[in-house]
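Trainee: Take a look at this one; I'll ask things after.
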Amino acid sequence: MKLFFRRGQSESGTNEKLVFILSFRVELTPKEKALITKFRTENYRLVTIIDQNSAPTVNTVFNKWWARTAYDKSILLKGEDVLKRACLNFKTLLKLMASFSCEEVIEF
């Protein structure tokens, strides 16, 4: 799994206030895509902090750019951290899903 970021800025309307833009997308390996399909986790929400109504799911950010805007750079940086942690958590879930079809042996 790879997480890609793009950062940008633009001016907002007549008051010329700066708007900061964070765009991101997720790239999955064929093995990860197969696990997502097998365990039906296409609609797994990566994060819900960004926007409750349109939270990015695995399906919506896979190979598609998703953008969020903010008037404060620190909010955008916090958003990056949230997304990084969300992808780490999802990677852990993928590893767990992969372990369902194998046997684990713990030797003491």
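The values are calculated or read from the model by the stated rules, or taken from the named source; none is laboratory data. Just so it is clear, the model here is predicted, and its values are computed rather than measured. A quick note on method: Cβ atoms are made from the backbone with ideal geometry, for glycine too, and the neighbour counts reach across all protein chains shown.
Trainee: Quick test for you: out of Glu32, Glu104, pick the one residue that is acidic (Asp, Glu) and either outside any helix (DSSP H, G or I) or loosely packed, with under 12 Cβ neighbours inside 10 Å (or both).
Mentor: Glu104
Trainee: Cβ-Cβ under 8 Å, sequence separation 6+ or interchain: first residue in the range 31-47 and in contact (Cβ under 8 Å) with a residue 12 or more places away in the chain, partner assigned to a loop (DSSP other than H, G, I, E, B) and among the acidic types (Asp, Glu). Which pairs?
Mentor: Between residues of the range 31-47 that are in contact (Cβ under 8 Å) with a residue 12 or more places away in the chain and residues that are assigned to a loop (DSSP other than H, G, I, E, B) and among the acidic types (Asp, Glu), the close pairs are Ile36/Glu42.
Trainee: Report whether or not Ile21 is out of contact with any strand residue (DSSP E or B) (no Cβ under 7 Å at 6 or more places or on another chain) and modelled with pLDDT of 85 or more.
Mentor: So Ile21 does not fit the description; no.
Trainee: Here's another thing I want to ask about it. Give the range 65-87 a look and list any residue that's assigned to a helix (DSSP H, G or I), within 12 Å of the chain's Cα centre (by Cα) and either aliphatic (A, V, I, L, M) or surrounded by 13 or more Cβ atoms within 10 Å (Cβ to Cβ) (or both), or say none.
Mentor: Gly79, Glu80, Val82, Leu83, Lys84, Ala86, Cys87
Trainee: Looking at the range 90-99, can you tell me whether even one residue there is over 11 Å from the mean Cα position of the chain (by Cα), assigned to a loop (DSSP other than H, G, I, E, B), at pLDDT 90 or above and farther than 30 Å from Glu11 by Cα? Break it down into steps so the answer makes sense when it comes.
Mentor: Step one: filter the range 90-99 for residues over 11 Å from the mean Cα position of the chain (by Cα), giving 92-99.
Checking which are assigned to a loop (DSSP other than H, G, I, E, B) leaves us with none.
Checking the range 90-99: not a single residue is over 11 Å from the mean Cα position of the chain (by Cα), assigned to a loop (DSSP other than H, G, I, E, B), at pLDDT 90 or above and farther than 30 Å from Glu11 by Cα.
Trainee: Let me ask you something else. I need every pair where a residue in the range 63-76 that is among the acidic types (Asp, Glu) has its Cβ under 8 Å from the Cβ of a residue that is at pLDDT 85 or above and in a strand (DSSP E or B), sequence separation at least 6 or different chains.
Mentor: These pairs meet every condition: Asp72/Phe20.
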